[in-house]
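The values are calculated or read from the model by the stated rules, or taken from the named source; none is laboratory data. Everything numeric in this text was worked out from a predicted model, so none of it was measured. Methodologically, a virtual Cβ is constructed for each residue, glycine included, from the backbone with ideal geometry; neighbour enumeration extends over all protein chains shown. Remember, those area values only see protein heavy atoms, side chains included, never the ligands or the DNA or RNA. Shrake-Rupley method; radii C 1.70, N 1.55, O 1.52, S 1.80 Å.
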Amino acid sequence: MISDPPKSRDWWPALEDLRLKDTAVVILNTSIENPPKLVRHLWNNSWLRVTVDGGTNQWHSFVKQNSFDDLKFPDLITGDLDSANPAVVEQFVSMGSKIIPTPSQDETDFTKALKEVKKYSAKNCKSIDSIIVMVNMCHRVDHFLSNLNTLYKSKTKDLYFNEDIYLLGRNSLTWLLQAGTHRIHVPQSLRLHPENNYVGFFPMGSACNVCTTTGLKWNLSGTLMEMGGLTSSSNTFNGEPIVTITNSSPLLWTMTMGYEESF
């Protein structure tokens, strides 16, 4: 069960506006297909930069493919390192990266990386607000579902994080809405072209007995949501600046971001 009591939250999903000095960026083993200028902005200005196993290769490829001359090296390289190219790892170590092997096969590299972020921030007496995780949201269904499972577990008693954890796909942003009332501040670029931007929200862990929304093209009013029953996909914004969601149990929220337009 989710350990936090119901709460009220505001969310501003324009990542370029996050307080990056209080943010960690984690790269899993996925091709980095976000706009390069956005990636550079998030990476260079975050407090902590982590590549996870094969994500180290992906970051090395991104550096080679782009002409930026100011990209920082990873602070930490974690994982069981079965997918990381040893020559690439050694190159980053020579630049100052620290290797933290996490060989256990009882948890995913993603889960283990989150734990290392928590240890590192505690060791440095640093409180972080957000963790942005670059993930593959397609191709491997098992990886996709595993990432969602880790996201859900991050708010349970076994693996609890106060930080907001965002899954950043190619042009999508996904995070967990715990039980409570949420106000999602919609970027203006998305409100202007709702036909090109989609949202979805799905119950996580159990049925959501009561869900009420405003600000969407298709809103819910005290509705039961459950797998095998009603979920919301291919929904979109109705032009209002704020989407509100009141949910009795956790929901997964996902939305397209239109980064190509702003970066």
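Before moving on, here are some points about what is shown:
- Compared with the alpha-carbon gap, the fully stretched path from Asn162 to Leu224 is longer by 19.6 nm at 0.36 nm per residue.
- Counting only residues at least eight positions apart within a chain, or on another chain, the aspartates and glutamates with an alpha carbon under 19 Å from that of Lys153 are Asp4, Asp106, Glu107, Asp109, Glu116, Asp129, Asp142, Glu163, Asp164, Glu226.
- When the P(r) of the chain is calculated, the portion above 28 Å amounts to 34% of the C-alpha pairs.
- Counting only DSSP H runs of at least 4 residues, each contributing -39500 (n - 2.57), and dividing by the residue count of the chain, the helix-based mean residue ellipticity at 222 nm comes to -7500 deg cm²/dmol.
- Charge tally around Glu116: other residues with Cβ under 14 Å, Lys/Arg +1 each, Asp/Glu -1 each, net +2.
- Summing charges over all other residues whose Cβ lies under 11 Å from the Cβ of Phe92, with Lys and Arg as +1 and Asp and Glu as -1, gives +1.
- Exposure rank, largest accessible area first [Lys153, Lys217, Lys64; 1.4 Å]: Lys64, Lys217, Lys153
- Zero-based 10 Å bins, Cα pair distances in the range 1-108, whole percents: 14, 41, 29, 14, 3
- The GluC sites (Glu not before Pro) of the range 87-165 that meet both conditions, a loop assignment by DSSP and at most 16 other Cβ atoms within 10 Å of the site Cβ, are Glu107.
- Of the solvent-accessible surface of the range 128-229, computed with a 1.4 Å probe and all protein chains present, 52% belongs to carbon and sulfur.
- Cα-Cα over 20 Å, subset of Lys72/Lys123; Lys37/Lys155; Lys21/Lys118; Lys72/Lys115: Lys72/Lys123; Lys37/Lys155; Lys72/Lys115
- The C-alpha atoms of the chain define a longest principal axis, and helix 55-65 lies at about 80 degrees to it.
- Computed packing ranks the peptides 33-40, 46-53 as 46-53, 33-40, most packed first, by mean other Cβ atoms within 10 Å.
- Cα-based Rg of the range 116-239 normalised by 2.2 N^0.38 Å, two decimals: 1.17
- Angle of helix 141-153 to the longest C-alpha principal axis of the chain, folded into 0 to 90 degrees and rounded to 10: 80°.
- Degrees between helix 36-45 axis and first principal axis of the chain (Cα, 0 to 90, nearest 10): 70
- Spacing of the modelled spin labels on Arg191 and Lys72, each 7 Å from Cα toward Cβ, amounts to 3.3 nm.
- Amide hydrogen proximity for Ser232: with H placed 1.01 Å from N in the peptide plane, the residues at 5 or more positions away or on another chain lying under 5 Å are Phe201.
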